[in-house]
Amino acid sequence: MVVEVASNSPALPVSETETLIHPRWVRVTHWVNALAVLMMIGSGWQIYDASPLFRVIEFPRQIALGDWLAGALLWHFAAMWLLVINGAVYVALGIATGRFRRKLFPIRRREVLADFAAALHGKLSHDDLTVYNAVQKLLYVGVLLAGVVIVASGLSIWKPVQFKYLTALFGGYDAARYVHFFAMSSIVAFLTIHVVLALVVPKSLRAMIVGR
Ligand code: HEM
């Protein structure tokens, strides 16, 4: 039998081999999300290059997706549906199953600082993969919020007439473009750290693939 362990329920009689760390819905939505995010970022870079916000920032064509502006827009709008629908399923199940409450909260400042210091000294334990450390919790909640901001600012620049109040909330069309860009940058920064850590602790990668 396979049981998803609630990290705050030490009484559960589950042996190590039976412990399900990531249920199937988490793994499926995680990898679909990773694919959608990569497509959004790659095509977003190509779209950005057609009308850059910063003179010093231009993305090389080799790492952008879509070949030209119209091609990139097609990729961006196709991946957008995948990202939003898959993200909505993940968030709905995360709330409904209590996973977010169990695994991502509470986040205490003292624990974040202590875990951050331990990570810098290479002393952060990865023995128990069923529990996220405080830095991980902060990063995961942070990237979920960045996801909300990037979708909202994206809607503002995609349909500024239909979503005029949303666009106004960001301070107008031009400001929404900057917000969209900085949200992308924070997701890319998260991804860089996230992927490096997944490679440093390969058993966490295995758990996100096979569940255990
Ligand atoms: C493409 C390469 C990626 C790799 C190799 C990867 C790897 C992983 C691994 C190994 C875990 C489990 C961490 C652990 O148990 O300690 C994880 C969890 C997570 N990843 Fe990723 N990831 C990738 C992309 C992404 C992207 C693009 C996002 C979001 C923008 C993301 C957001 C998350 C979140 C929120 C969790 C926690 C999920 C939960 O427990 O509900 N990942 N990832």
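The values are calculated or read from the model by the stated rules, or taken from the named source; none is laboratory data. Quick caveat: nothing in here was measured; it's all calculated off a predicted structure. Positions of Cβ are backbone-derived with ideal geometry, glycine not excepted, and every protein chain shown enters the neighbour counts. To get the accessible areas, we keep the full protein, side chains included, count just its heavy atoms, and leave off ligands, DNA and RNA. Shrake-Rupley method; radii C 1.70, N 1.55, O 1.52, S 1.80 Å.
Give me the dipole magnitude in Debye, nearest 20, for the chain about the Cα centre, with unit charges on the beta carbon: positive for Lys and Arg, negative for Asp and Glu. Each step should come with its number before you reach the end.
Numbers: 19 positive and 11 negative charges, 76 e Å.
Approximately 360 debye in magnitude.
Return the calculated 222 nm mean residue ellipticity for the chain, to the nearest 500 deg cm²/dmol, obtained by summing -39500 (n - 2.57) across DSSP H runs with n ≥ 4 and dividing by the residue count. Let's see the in-between values first.
Working: 7 runs with 135 residues, N = 212.
When only DSSP H runs of four or more count, the value is -22000 deg cm²/dmol.
Cα axis of helix 134-158 to longest principal axis of the chain: angle in degrees, 0 to 90, nearest 10?
20 degrees
Taking only protein heavy atoms into account and a 1.4 Å probe, give the accessible area per residue of the chain in Å².
Working: 13220 Å² over 212 residues.
Ligands and nucleic acids excluded, the result is 62 Å² per residue.
For Cα pairs less than 8 Å apart in space and 6+ apart in sequence, what is the mean separation divided by the residue count of the chain, i.e. the relative contact order in percent? Before the final figure, lay out each step's value.
On the way: 195 pairs, mean separation 45.8, N = 212.
So the answer I get is 22 percent.
Give the cross-link partners of K137 among the lysines, using a straight C-alpha distance below 18 Å as the criterion and excluding same-chain residues fewer than 8 apart.
By straight Cα distance, K137 reaches K103, K123.
Counting only other residues whose beta carbon sits under 12 Å from that of S156, what net charge do I get with K and R as +1, D and E as -1?
Result for the local shell: +2.
With angles folded into 0 to 90 degrees, how steeply does helix 173-200 sit against the dominant principal axis of the chain? Use alpha carbons for both and round to 10.
30 degrees
For q = 0.10, 0.16, 0.18 Å⁻¹, what log10 I(q)/I(0) does region 92-212 give under the Debye formula with an equal point scatterer on each alpha carbon and no solvent?
Result of the Debye calculation: -0.42, -0.90, -1.02.
Just check region 31-132 against the gyration tensor rule for me: Cα atoms, a ≥ b ≥ c as the square roots of the eigenvalues, rounded for a/c under 1.5, and otherwise prolate or oblate depending on whether a/b exceeds b/c. Don't skip to the end; give the middle numbers.
Numbers: a/c = 3.10, a/b = 1.67, b/c = 1.85.
Here region 31-132 falls in the oblate category.
Using a 1.4 Å probe over the heavy atoms of the protein chains, calculate the carbon and sulfur portion of the accessible area of the chain as a whole percent.
Values: 9110 of 13220 Å².
After summing per-atom areas, the C and S share lands at 69 percent.
Working from the pairwise distances between different alpha carbons, so that the mean of 1/r is found and then inverted, what is the chain's Kirkwood radius in Å?
On the way: mean 1/r = 0.0525 Å⁻¹.
Averaging 1/r across every pair of different Cα atoms and inverting gives 19.0 Å.
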